[in-house]
Structure formats: C-alpha cells, structure tokens
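The structure appears right after this line, and notes come after that.
The values are calculated or read from the model by the stated rules, or taken from the named source; none is laboratory data. Since the structure is predicted, the reported quantities are computational estimates derived from the model, not experimental observations. Please note: Cβ atoms are built from the backbone with ideal geometry, for glycine as well, and neighbour counts cover all protein chains shown. Quick note on the areas: whole protein, heavy atoms, side chains included, nothing else; ligands and nucleic acids left out. Shrake-Rupley method; radii C 1.70, N 1.55, O 1.52, S 1.80 Å.
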Amino acid sequence: SLGHDFFRVHPKGHGSIVLSPNLKANTLVTFYRGEVYPSWRWGEKMDAIGITQKHIGLKPNLPDFYNMALERPQSDPKGYGLMIVDASRKAGHGSMLSHSCDPTCEVRVAALNGKLCLAMTTLRDVELGEELTFDYNAVTESLDEYRSAVCLCGYNKCRGSFLHFATADCYQQVLNRNSPIAVLFANL
C-alpha cells in the first residue's frame, strides 16, 4: 500500500532506495514535510498526549520520532524562533527514510520561495539500489528510552541506538567543543 518507491528493509520496516543510476553528493532528495507548530504549541500538544496516555494506561517505551525542529534564524524578518515539523499525521516522502549511524543523507534548513523548509540532501555519491537514510540526531536524557531505541542500521560501527544519550554534563561538553568563545565569556 506504500507504492513502488518503498521497499521492505528487514527487520527495520519500510525504506527508500535510489532508483536513478547515481545521485551525486549534495543532491536534493526530498523535503521533510508535516504540520508546523510553534514550540509553545508543540509543548501543549505533547502534554495533552501524555495526559491522555496516562488516562488510558498507555505508556510507550519511546516517544514519537516523526518530528523535527526547524530554527528560524535571528536574521529572519520575524526574528528567531523554533518551530516543530510534525510528520506523524501529514507527511511527505522524507518521513519514510530510515535512520542509519552511517547515513547517506542529511537534513538542512533551506529557503524555498521565501519560506524556510527542511531539505534532505545526499552527503556523498549514492549508487543505484542503495538505501536513502539519515541520522535522526535525537537526544534523550532517559537511560530507559536510550536502551529501548535499538538501532537496526547494520553499520559495522553502529552506536547501538538511534538516540544519543545525554548525561548531565553532555550539553556543556557540546558547548565547550562548538562554542569555546561563548564558554569563556559565560565564565567571566
């Protein structure tokens, strides 16, 4: 029922493969589409889902991972903002790409006709028949969630989970690595 562009990726579920002779690096594959929520509204939605799940006695091991954050840059006329693109109900082809610890694609914020969007582009040349994947780059502070998110990508250096586990000092380590000047000013 998914159509001819999808194939079964045992044991992961469904995925997408390259049907063209060769996709070059930095080629647009598709866009990640879905309903767009401002961050405050997304928080309300997640709270309502949590309350409903608790009320009916449903507590999944993992939350829904069909959403992505889209940051509107400070230079945008509307100012900085964080929006959530939720592909759980309304989606495009991008939400069908599987996770891999060695992905063939990445997600980039791009502008299309003056509007921000999430573009999925190839990281390297991708050959005919190769699976299109991306790293979910999702982070959890819950050890139970991390252990439940078993990665099935098959990469020989697979990290074992499609989530990144954040310890108490993890965010500080990222800040130190990526913004050392900001850390120095913060410590003044």
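At a glance:
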| read-out | value |
| --- | --- |
| Lys, Arg +1 and Asp, Glu -1 on Cβ, resulting dipole of the stretch 69-115 about Cα centre, debye, nearest 20 | 280 |
| Area of I56 that stays accessible when all protein chains are in place (1.4 Å probe, Å², to 10) | 110 |
| Listed residues G57, N22, V36: farthest to the positive end of the dipole of the stretch 12-57 (Cβ charges) | N22 |
| Dipole moment magnitude, nearest 20 debye, the stretch 37-172 about Cα centre, only Lys, Arg, Asp, Glu C-beta charged | 460 |
